[in-house]
Amino acid sequence: MKVKLHYLVALIVAAISAILLLVHVVGIARRDAQYRSTLKTYSDVLKPGMKRSEVENYFVMSKYVSFSRGASEDVVEIAHEPAGWVCGEVIYVTFAFDGVEPSEPKPGDSLLRTSLNRSVCLDLP
């Protein structure tokens, strides 16, 4: 059985494309697993009900953690995804607090939940 050259080229191109797609998908899965692991590490140490002052003290005591303090949540950036077709993403862990006065953070606010989030990509060309 004789295979025409253009069918063979198409088959090779399809195989290479499938391999590249698989490598890309595996990379995404590995990074997502690493992000979930980081979230679990924080969640194991920083439990709901802890005071904001305790959570922020944990960040201060961790030499390599910087955080942004908001009125109702603190945010820790954990990764920067490389730029894709349109733009890159920032992956961060959010620590939500039950602030009585949502406009101003207080040391006595209690931690409600810890969640993993991605930035919304707005860097359109």
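A compact table of results
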read-out: Residue 33 vs. criteria more than 13 Å from the chain's Cα centre (by Cα), small (Gly, Ala, Ser) and surrounded by fewer than 13 Cβ atoms within 10 Å (Cβ to Cβ); value: no
read-out: Members of the range 56-73 that are free of Cβ contacts under 8 Å to residues at least 12 places away in the same chain and hydroxyl-bearing (Ser, Thr, Tyr); value: 62, 64, 66, 68
read-out: Residue among 11, 5, 21, 46 that alone is hydrophobic (A, V, I, L, M, F, W, C) and touching a residue at least 60 places away in the same chain (Cβ under 8 Å); value: 46
read-out: Among (1) at pLDDT below 90; (2) within 15 Å of residue 116 (Cβ to Cβ); (3) surrounded by 13 or more Cβ atoms within 10 Å (Cβ to Cβ), the one test that residue 80 misses; value: (3)
read-out: Residues (of a type outside the set (A, V, I, L, M, F, W, C), under 26 Å from the mean Cα position of the chain (by Cα) and more than 14 Å from residue 79 (Cβ to Cβ)) located in the range 1-30; value: 24
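The values are calculated or read from the model by the stated rules, or taken from the named source; none is laboratory data. It should be emphasised that the depicted structure is a prediction, and the values quoted were computed from it without experimental measurement. Here the Cβ is made from the backbone with ideal geometry for all residues, glycine too, and neighbour counts use every protein chain on show.
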